[in-house]
Structure formats: structure tokens, C-alpha cells
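Worksheet: one structure, shown below.
What follows is calculated from the coordinates using simple rules that are stated; it is not laboratory data. From a predicted model like this one, the values you see are computed outputs, not experimental measurements. Neighbour counts run over all protein chains shown; Cβ positions are idealised from the backbone, glycine included.
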Amino acid sequence: MKKLFALVIAALVLAGCNTVQGIGKDVKKAGEVVENAAKK
């Protein structure tokens, strides 16, 4: 689980969001990914 979370964070950092709005969207997406992984 921690590896998945770290991978998601790394992907978001590498994507290079430059705006607060973009970061907010990425954080929301990361939360959805973690939530879906937790449901499995």
C-alpha cells in the first residue's frame, strides 16, 4: 500500500503541476486512487 502511495506521489511530482488549481486536481486524483486501492 505504501509503495502504491509513493508511486502516485512520484507521478504527480513528475507531472509538474505549476498552478494551485492543478495541484488541487492532482491531490484529489491521488486521493481517489488511494481510496479505490483501499476498497479492494
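What does the net charge come to around residue 32 if you take all other residues with beta carbon closer than 15 Å to its beta carbon, with K and R at +1 and D and E at -1?
Value of the local net charge: +3.
Which ³J(HN,Hα) values, rounded to whole Hz and listed in residue order, are derived for region 28-36 from phi using the Karplus coefficients 6.51, -1.76 and 1.60 in 6.51 cos²θ - 1.76 cosθ + 1.60 with θ = phi - 60°, glycine and proline given as x?
5, 5, 4, x, 5, 4, 5, 5, 5
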